[in-house]
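The values are calculated or read from the model by the stated rules, or taken from the named source; none is laboratory data. Here the structure is a predicted model, which is why all the values come from computation and not from measurement. Each accessible area value is taken on the protein alone, full model and side chains, heavy atoms only, with ligands, DNA and RNA left out. Shrake-Rupley method; radii C 1.70, N 1.55, O 1.52, S 1.80 Å.
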Amino acid sequence: VSETEHMSCEGPIIYTSHACDPNAKMVPTRDSCTLVAIRDIAQGELVSFDYDTTEWDMSDPFQCLCGSPACKGRVAGYRNLSKEGRDSLREELLSDYVAKSRRS
């Protein structure tokens, strides 16, 4: 939502995994947030989204182990991506705050 305020997601959605090549995106709703598929998701496939699309600067960055050829390695929030990393993210996958900050 802002550099200091975050979406308040509740329920099982809080356990959604990160992936550098995700199959869903996080979308805020009036009271919480939801996941929306961005491609077909196979039966049994984990639903995932790219944390760098919603987080500006993560308080607990981590080494990604998603195994994708597109893996970024360290996940620390959009602010910490290289220019190439920022440019590789599609605008429609970014949270409103990250997209607004990208344009500034």
Problem set entry | Residue, modelled with the lowest pLDDT, within the stretch 54-104, restricted to residues that are open to solvent by 100 Å² or more (accessible area, probe 1.4 Å) and in a loop (DSSP other than H, G, I, E, B) | SER104
Seminar exercise, completed: All-but-one check, THR34 against (1) over 14 Å from SER17 (Cα atoms); (2) in a strand (DSSP E or B); (3) of a type in the set (Ser, Thr, Tyr), failing number (1)
